[in-house]
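My questions all concern the structure below.
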Amino acid sequence: MYEAKSKEIVLRKVREALAKSAPFLPPTPDFSTSVYGPLLEDLSVQFAETFIRNAGVFVYCEHEEDFFDQLFTFKQERGLDNLYVWEPALKKILHAAGINFNGTEENFIGHAEAALTTCEALVARTGSILVSSANASGRRLSVYPAMHLVVAKLSQMVPDIKQGLEFVQKKYDKRLPSMISLVSGPSRTADIEKTLVMGAHGPKELILFLIDDHTD
């Protein structure tokens, strides 16, 4: 009897709702408006704040020489003996700067404590690094080592993901990389008993060296 009365109450409310006139709705949605709030005027500040909030380590470099100094100091402080670098352009400038690295795949499995790669773009809105499989680092170097170091330039900064993907499409045209991914901080998961675990599916640490290549 109780269930029957409850059912009748629900049905009556539905009938009353259907009898009412529908609320006014705009004829067509405006897809040009953003669901996000406004960006900061300085995109690098917006990126840095969000990137750090996502547990990333942000290192600002005034120029390329400053990057070499910062990287050398970082390696010394962390005791990094096995920094893997596979991209030819990176290997060339690091060699010229006198910074030691491992440029081969020898003993990579089990010994790669850190890796240095470039990236495609930096997304200010989400504090994310846009990476792809197009460079010589491939997919493994940004995923397997416990520490992923990235070097990027300020000119690679874009406001949103849309502009980042457009940046990649313009660069590669019809030869898009087989893998394009956004990295927003170190790998983490809380699937098991809601306990946060860092480095479950990738690097435990993500470090970005941002070189200011804008001239006055």
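Values in this text are rule-based calculations from the coordinates and carry no lab data. Here the structure is a predicted model, which means the values were calculated and not measured. Note that each Cβ is placed from the backbone with ideal geometry, even for glycine, and that neighbours are counted across all protein chains shown.
What does the charge count around W86 come to, taking other residues whose C-beta lies under 14 Å from its C-beta (Lys +1, Arg +1, Asp -1, Glu -1)?
+1
Going by average Cβ density within 10 Å per residue, which order do the peptides 160-173, 38-51 take, highest to lowest? Spell out each step's value before the answer.
Working: 160-173: 14.5, 38-51: 16.2.
Highest to lowest by the protection proxy: 38-51, 160-173.
Could you sort 111-120, 93-102 so that the peptide with the highest average Cβ count within 10 Å comes first and the rest follow in order?
In descending order of packing, they fall as 111-120, 93-102.
Okay, moving on. Which entries in K92/K204; K75/K204; K75/K153; K91/K171; K91/K153 show an alpha-carbon gap greater than 25 Å?
K92/K204, as the Cα separations exceed 25 Å there.
While we're on this one: Where Lys and Arg each count +1 and Asp and Glu each count -1, what net charge lies around A115 among other residues with Cβ under 12 Å from its Cβ?
Local charge sum for A115: -2.
Now for a different question. Along region 100-111, what does the Karplus equation 6.51 cos²θ - 1.76 cosθ + 1.60 (θ = phi - 60°) give for ³J(HN,Hα), rounded to whole Hz, x for Gly and Pro?
Each residue's phi maps through the Karplus curve to give 6, 7, 9, x, 10, 9, 5, 6, 5, 5, x, 10 Hz.
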